[in-house]
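Working notes, beginning with the structure itself.
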Amino acid sequence: MTNMKKIISLIVIVVIIVFASIRLFSVREKNITQSMDLTTDYVTVTVANVEKKAASFTLNFTGTLYPNKELDIPAETSGKITALNFELGQYFQKGGVVATIDDKIKRLTYESQKIETDRLKKDMDRTENLFKGGTSSEQELDKARTSYETAKNKLEEAERQLSYTKITAPIAGTITKKIVEEGTYVNPGNAIASIVDVSRLKVKINVSESNVYYLKVGDKVKITTDIYRGVVFEGKISFVSPRGDESHNYPVEVEIMNSAKNPLKAGTFVNVEVVIGGSNEGLYIPREALQGSIKDAKVFVAENGKAILKDIVIGRESNELLEVASGLNQNEKVIVSGQVNLTNKKPIKIINNN
């Protein structure tokens, strides 16, 4: 009987302990849930005002340098190359003789025609004197003049053909490619070598539709490259395409004078900075506030302790600022950080004083 009482007492104690444990666990879970609710009930954010101002934009682009001119040097007559007068990297003034073609036949043709032309010139002069003295007819003088003029034209053509045996540089520049070797037979139009002019260079960039309307020919730009850190080259816009591609990007070219102190090479990547003056007022927000793309722009606006998602239309844009064409009012507060945890109408806590 005593043992039975002990067993009952133990059972009662165990039951009391179990109920107490369940009670403590429930209280703990409730406290944890309440604590979680306190920490996840809102999202901390920072905001910025929608400002009305005349803003200056700094647009940055990456482009590639191209030579001012790049040409293949062609042969203008047929024949065998007898001399190549250049090495790769050699600089030529415009008109410098790059190569020569065998000129024996053309020289003989020229010299023979010159002798014939000189003879006919003397015949014409003699006939003209006879005509003045009344011993030659006008018909004979006309015939002598015609013969001389025909010979003179043939001489000019023979001289031109002889000059074609000297292949000259069509522009001032540096030889970058040898296309034929000495002894090669060429025809008119066959390329002998390539030459480039890098005294001036062009930067080719693509500009979005929203920005291209603020660029015009003659605008000054700043150009930098990682090759010469800290060096700024001055350039100007030389071409703005009137036609965009399927992605609404417009080709733009910038012209830059090459530098003797810091010479640039074609093919180098450069950064182009264009400053657009702020002559027109508008509403502006930081780029960090943007949700989605420029064409489908949205922002979160702080209203009455909640994040409200709004559709907006973007006007001008830069690396730092976006112009709001519609969708927002001055002094509204757009959320610029914390958006990753936001949904529409989510409670927020602002942690800055903007």
Considering only segment 186-288, give the strands (runs of 3 or more DSSP E) lying wholly within it that have at least 2 residues that are modelled with pLDDT of 95 or more and among the acidic types (Asp, Glu). 249-257
Name the single residue, out of those in segment 313-335 being β-branched (Val, Ile, Thr) and at pLDDT below 95, that is surrounded by the fewest Cβ atoms within 10 Å (Cβ to Cβ). VAL313
State whether the residues of segment 157-164 include one that is over 28 Å from LEU264 (Cα atoms), modelled with pLDDT of 95 or more and touching a strand residue (DSSP E or B) at 6+ places or on another chain (Cβ under 8 Å). yes
In segment 93-121, which residue that is of a type in the set (Val, Ile, Thr) and over 30 Å from ASP72 (Cα atoms) is surrounded by the most Cβ atoms within 10 Å (Cβ to Cβ)? THR117
Would a scan of segment 190-203 turn up a residue that is more than 29 Å from the chain's Cα centre (by Cα) and loosely packed, with under 13 Cβ neighbours inside 10 Å? no
Checking ILE167 against (1) open to solvent by 40 Å² or more (accessible area, probe 1.4 Å); (2) β-branched (Val, Ile, Thr); (3) in a strand (DSSP E or B), the condition it does not meet: (1)
By residue number, the members of segment 99-124 that are free of Cβ contacts under 8 Å to residues at least 40 places away in the same chain and either under 12 Å from SER147 (Cα atoms) or in contact with a Gly (Cβ under 6 Å, 6 or more places away or on another chain) (or both) are GLU116, THR117, ASP118, ARG119, LEU120, LYS121, LYS122, ASP123, MET124
Show the residue pairs meeting these rules: Cβ distance below 6 Å; 6+ apart or different chains; first residue within segment 324-340 and among the polar types (S, T, N, Q); second residue modelled with pLDDT under 95 and open to solvent by 70 Å² or more (accessible area, probe 1.4 Å). SER326/VAL313; GLN330/LYS52
Of all residues in segment 122-164, count the ones that are within 18 Å of ARG107 (Cα to Cα), surrounded by fewer than 17 Cβ atoms within 10 Å (Cβ to Cβ) and of a type in the set (S, T, N, Q). 2
Restricting attention to segment 213-236, does a residue exist that is free of Cβ contacts under 8 Å to residues at least 24 places away in the same chain and farther than 22 Å from SER318 by Cα? yes
Which strands (runs of 3 or more DSSP E) does segment 49-96 wholly contain that include 1 or more residues that are of a type in the set (Gly, Ala, Ser) and modelled with pLDDT of 95 or more? 79-84
Look through TYR214, TYR250 and report the one residue that is open to solvent by 40 Å² or more (accessible area, probe 1.4 Å) and hydroxyl-bearing (Ser, Thr, Tyr). TYR214
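The values are calculated or read from the model by the stated rules, or taken from the named source; none is laboratory data. Computed from a prediction, not measured in an experiment: that's the story for all the values here. Glycine also receives a Cβ, built like all others from the backbone with ideal geometry; neighbour counts cover every protein chain displayed. Side chains included, ligands, DNA and RNA excluded: accessible areas come from the protein's heavy atoms. Shrake-Rupley method; radii C 1.70, N 1.55, O 1.52, S 1.80 Å.
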